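Trainee: Handing you a structure now.
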Amino acid sequence: MIVEKINGPEKAATITGITCTFAALGGIVAGLLIGRLTTKYSAKSLLLPVILSSGIFAISQARRDFYCF
């Protein structure tokens, strides 16, 4: 695992847990935000911005040389 190579095997589980926690929190916040926006705007009008932003974030995560620590 790349987490073990970067942080060592003794910290791999902790760093993976922290990463999963932030991903889950991001999903919760995004769900609340999109839910709030759908009360003001139609779902069709929000579809394109949501797809584009998801693609941009997925591409930034997929880069092999992108590490924030």
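Values in this text are rule-based calculations from the coordinates and carry no lab data. Predicted, not measured: the structure shown is a model, and the values here were computed from it. Virtual Cβ from ideal backbone geometry, glycine too; neighbours counted across all protein chains shown.
Trainee: Using the Karplus equation 6.51 cos²θ - 1.76 cosθ + 1.60 (θ = phi - 60°), what ³J(HN,Hα) coupling, rounded to whole Hz, does each residue of region 42-50 give in order, writing x for Gly and Pro?
Mentor: 6, 5, 5, 6, 8, 4, 5, x, 5
Trainee: Determine, for E4, E10, the number of other Cβ atoms within 10 Å of each Cβ, and report the residues in order from fewest to most. Don't jump to the answer; show the numbers that get you there.
Mentor: Working: E4 14, E10 8.
Neighbour counts put them in this order, fewest first: E10, E4.
Trainee: With unit charges on the beta carbons (Lys and Arg positive, Asp and Glu negative) and the dipole taken about the Cα centre of the chain, which residue among T16, I59, L32 sits farthest to the positive side?
Mentor: L32
Trainee: Ok, one more. To the nearest 0.05, how large is the calculated FRET efficiency for I28 and K5 if R₀ is 22 Å and r is the Cβ-Cβ distance?
Mentor: Calculated transfer efficiency: 0.15.
Trainee: Place a +1 charge on the Cβ of each Lys and Arg in the chain and a -1 charge on the Cβ of each Asp and Glu, then give the dipole magnitude about the Cα centre in debye, rounded to the nearest 20. List each step's numbers first, then the result.
Mentor: Numbers: 7 positive and 3 negative charges, 62 e Å.
In debye, rounded to 20, the chain gives about 300.
Trainee: Can you tell me the mean projection area, over all orientations, of the convex hull of the chain's alpha carbons? Units nm², please. Intermediate values should be presented prior to the final figure.
Mentor: On the way: hull surface 21.6 nm².
For the Cα atoms of the chain, the hull's average projected area reads 5.4 nm².
Trainee: Let me ask something else. Using only the alpha-carbon atoms, how far is helix 12-40 inclined from the longest principal axis of the chain? Give it as 0 to 90 degrees, nearest 10.
Mentor: Value to nearest ten degrees: 0.
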